[in-house]
1. Convex hull over the Cα atoms of the stretch 102-214, averaged projected area in nm²?
2. Pop out the ³J(HN,Hα) list for the stretch 250-257 in order, Karplus 6.51 cos²θ - 1.76 cosθ + 1.60 with θ = phi - 60°, rounded to Hz; leave Gly and Pro as x.
3. Which order, highest average first, do 5-15, 260-270, 300-310 follow once you tally other Cβ atoms within 10 Å for each residue and take the mean per peptide?
4. Taking amide H positions as placed in the peptide plane 1.01 Å from N, state which residues far from residue 320 in sequence (5 or more) or on other chains have amide H under 5 Å from it.
5. Need the C-alpha centroid separation for the stretch 386-405 versus the stretch 2-59, integer Å.
6. Taking amide H atoms as placed 1.01 Å from N in the peptide plane, list the residues 5 or more away in sequence, or in a different chain, whose amide H sits under 5 Å from that of residue 376.
7. At 0.36 nm per residue, and after removing the present C-alpha to C-alpha distance, how many nm does the segment from residue 350 to residue 372 gain when stretched out fully?
8. For the chain, which whole percent of the accessible surface, found with a 1.4 angstrom probe, sits on carbon and sulfur atoms?
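The values are calculated or read from the model by the stated rules, or taken from the named source; none is laboratory data. All values derive from a computational prediction rather than experimental measurement. Positions of Cβ are backbone-derived with ideal geometry, glycine not excepted, and every protein chain shown enters the neighbour counts. Accessible surface areas use protein heavy atoms only, side chains included; no ligands, DNA or RNA. Shrake-Rupley method; radii C 1.70, N 1.55, O 1.52, S 1.80 Å.
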Amino acid sequence: MSTSASSTTDTIARLTAQGHLIGDEWSPGDSAGRYAHHDPATGRLQAEVALGGAAEIDRAVAAATAAGPGWRALPLEERAAILNRLADLLVANDPGSALLNARDNGTPISAMRPGVYAAAWVRYYAGWVDKVEGHVVPTSNGLDYVLPEPYGVIGAIVPWNGPMMGMGQKVAPALAAGNTVVAKPPEIAPFGALRFAELALEAGLPSGVLNVVTGGADAGQALVRDPRVGKVSFTGGHVTARAVMVAAAETLKPLALELGGKSANIVFPDADLDTAAMLAVLLGVGLLSGQGCALPTRLFVHDDVYDEVVERLVAQAAALAVGDPSDATSFMGPVVTDAACQRILGVIGRATSEGSGRLLTGGDRLGGNLADGYFVAPTIFGDVVHGSDLATNEVFGPVLSVLRFTDEDEVVAKANDSNFGLGAYVHTADVGRAHRLARRLEAGMVIINGMPGMSPGAPFGGYKQSGFGREGGRWGIEEFLQQKNVFIAGS
Ligand code: NAD
């Protein structure tokens with residue numbers, strides 16, 4: 001075992017033994033049992049993760065509630081300095097976090113720098129700490145002003161496909177706004193969020209300001225139901241989101257929901273076809289092995305260039321470097337769990353037998369030296385039937401659907417004929433068409449001739465059943481603020 005591999009093993013052992021962060025204490029409470037965590041690349045059992053439940057959430061929310069007044073009273077420059085120190089630590093520790101992420105959920109170290117990414121969000125929101133402004137309402141009979149205030153305790157339910165990133169996107173703006181946080185990473189990838197919490201303590205974050213309880217549905221439900229939690233920011237699938245909404249209804253709790261997608265990617269004949277095909281495969285198949293909410297998984301190619309684009313897609317898929325995510329030469333790793341692998345292979349099998357499309361490449365589990373891991377071959381279906389299950393639902397695996405179109409109105413109608421509306425991608429050399437489609441496509445993010453910028457200053461979130469609320473920019477911090485109106489009569 002190499003030095004870096006053995007230090008990642010040590011980190012996983014330490015984080016597993018420590019368990020949850022509640023106040024400034026690590027506590028391995030497992031009131032909801034334990035989860036056998038396997039290395040996605042090898043299938044080896046690597047940890048028995050404590051699953052927190054109602055008991056651990058209760059203690060974490062109590063700690064966050066108690067820490068609230070002190071955090072709000074801290075001079076703003078100190079609040080910002082702590083967040084900036086956290087950003088520095090995230091960057092300094094990024095190589096270790098990337099290796100940890102590879103073992104957490106199978107993301108290759110070449111594809112994701114989780115510490116650098118999270119740090120960008122933490123630093124961006126550190127800059128907002130002293131820039132949240134109120135407002136004076138013009139009136140002739142007194143002083144009428146608007147005071148933005150934190151909610152108190154925020155519940156942050158973080159997904160497994162980017163646990164450290166998710167902490168940056170949710171925790172940083174919540175803390176910058178003056179809230180305290182109870183974060184709940186999922187059991188299947190808890191390590192990135194726990195490492196983020198370790199670094200936050202090292203940066204000097206006061207006790208109880210950030211608490212992390214690892215767990216599954218039990219912990220998630222307890223967090224959403226707790227009346228002391230002022231708002232919940234949830235990232236996950238739309239089915240779970242419905243359960244979260246039902247639970248939130250008990251206390252009429254506001255929510256921000258970042259959900260799934262089936263993002264359309266439209267290639268017009270005037271596009272740079274090499275770039276379009278390369279990005280279609282890198283983003284639609286390779287990156288995160290297709291396990292990303294806003295990745296372009298529904299590729300519409302104009303009939304005039306369909307055959308030449310498909311030829312390029314198949315060549316790109318064959319050229320994808322699939323392998324050990326801890327190896328810097330791999331671009332595509334395994335999927336997250338054996339269950340995910342089986343589910344994705346099931347989707348591929350059904351699509352094939354139902355005639356939803358023509359399997360152009362892939363479709364099976366990889367063997368050889370990858371046979372013990374959860375590796376699905378880069379898979380592309382051509383001539384996919386619009387309206388089929390394959391073209392409609394999120395696969396969350398390395399499976400690209402390619403559909404034909406002949407004119408702009410037709411493709412816009414088909415792209416918008418989806419319950420989701422997270423991302424949309426367009427490849428064209430026609431600037432007028434680019435702007436026109438940016439307006440016509442029903443999605444929270446439209447990307448022209450490239451890949452998402454993912455700037456912490458830009459709003460990220462969905463239309464339709466891809467959710468509501470935004471992460472990033474002023475919109476991201478406003479999610480964690482409520483507006484109080486103060487009226488002083490007279491004068
Ligand atoms: P999931 O819905 O299964 O789980 C999300 C989180 O909810 C996990 O932490 C899980 O433990 C928790 N949870 C499960 N049941 C719960 C319940 N009944 N009450 C409260 N919490 C509960 O999703 P996932 O498999 O972790 O993530 C994949 C999904 O997330 C995909 O649909 C993907 O598109 C979406 N996603 C969206 C974004 C985004 O920003 N829009 C980012 C990443 C992933």
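1. Computed as one quarter of the Cα hull surface, the answer is 8.4 nm².
2. 4, 10, 6, 7, x, 10, 10, 10
3. 260-270, 300-310, 5-15
4. none
5. Distance between centres, Cα-based: 35 Å.
6. The list, which skips near neighbours in sequence, is 335, 366.
7. So the extension gain works out to 5.5 nm.
8. Ligands and nucleic acids excluded, carbon and sulfur reach 55 percent.
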